[in-house]
Amino acid sequence: MTTKQKILLPALGIATVAGLTFGAHAYAQTTTDSSTNYPPFVQNLMEKFDLSSDDVQSVMDETQTEMQQAREEAYTNYLDEAVTNGDITAEQEQLILDKHDELEAAREQERTDLQ
């Protein structure tokens, strides 16, 4: 792989992900009807299986919560391993976790303020 390819491929990947992320965000902001806040394939599933937007939102919220819990557990395990390996102390781990909780609370407050 040439140097040009080594630079171009990751840059293209990052640009694609960013474009999809911002595009989805822009799409979500342009719709106001709660039943159209979903991508077309989700709307098709809603119609085919006669699901309400409340049902879909409930599943999405539950999935998001499960994924967040999995990320939190992985993060804690990562820090526990760092303590076990002697990379950080237990006190440092607790300081990191406390700061993480503080930042998470601030993010949640920002989300609430924006609604």
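We did not get these values from a lab; they are worked out from the coordinates using the rules stated. These numbers come from a predicted model, not from an experiment.
Note the full-extension length gain between Asp50 and Gln109 as 0.36 nm times their separation in residues minus their Cα-Cα distance, in nm to one decimal.
Numbers: separation 59, 0.36 × 59 = 21.24 nm, distance 3.48 nm.
Here the answer is 17.8 nm.
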Practice item. Give me the number: length gained by fully extending Glu102 to Asp80, i.e. 0.36 nm times residue separation minus the C-alpha to C-alpha distance, one decimal in nm. Key: 6.0 nm
